[in-house]
Each structure stands twice: as structure tokens, then as C-alpha cells.
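Okay, so here's the structure we're looking at.
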Ligand SMILES: [Zn+2]
């Protein structure tokens with residue numbers, strides 16, 4: 001599996017990037033941003049639900 005140079009945004013077969021000379025690291029699955037997005041969406045849904053409960057409690 002090819003490495004990925006984040007500086008050049010291109011795959012690199014060798015240990016060092018042929019374009020910028022940066023040392024290659026293991027290909028990283030972009031799981032952190034996805035988890036962050038999920039966390040933010042979950043927080044917004046939770047807060048919306050709490051606000052809805054508070055509003056309905058005040059109205060009734
Ligand atoms: Zn590079």
C-alpha cells in the first residue's frame with residue numbers, strides 16, 4: 001500500500017517523498033474528523049432536545 005504525503009497531497013511509494021523530501025508515515029484513516037462531526041451532531045441533537053423539553057415545560 002502506498003504512503004501518502006500530506007504536504008504534497010499525493011501518494012508516494014518510497015520511504016521519503018520524492019517531491020518535498022518529507023518522511024512518510026503510515027496511511028491514516030481520517031477517523032478523528034468523522035468522530036468530531038458525529039460528536040458535534042450528537043451534541044446539537046441533545047441540546048435541541050433539552051431546549052425543546054425546557055420550552056414545552058415552560059409553556060405547559
Ligand atoms: Zn511531499
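A few points about this structure:
- Rg over Rh, two decimals, the chain (C-alpha only, Kirkwood Rh): 1.47
- Once the Cα atoms are used to define both axes, helix 31-59 deviates from the longest principal axis of the chain by about 10 degrees.
- Helical contribution to [θ] at 222 nm, DSSP H n ≥ 4, -39,500 (n - 2.57), averaged over the chain, rounded to 500: -17500 deg cm²/dmol
- Relative contact order (percent, whole number), region 3-59, Cα cutoff 8 Å, 6+ residue spacing: 22 percent
- Stretch gain in nm, segment residue 36-residue 13, where the contour uses 0.36 nm per residue and the Cα spacing is subtracted: 5.2 nm
- Computed lengthening from residue 59 to residue 47, 0.36 nm per intervening residue step minus Cα-Cα distance: 2.5 nm
Readers should treat all values here as calculations from the given coordinates under stated rules, not as data from a laboratory. Quick caveat: nothing in here was measured; it's all calculated off a predicted structure.
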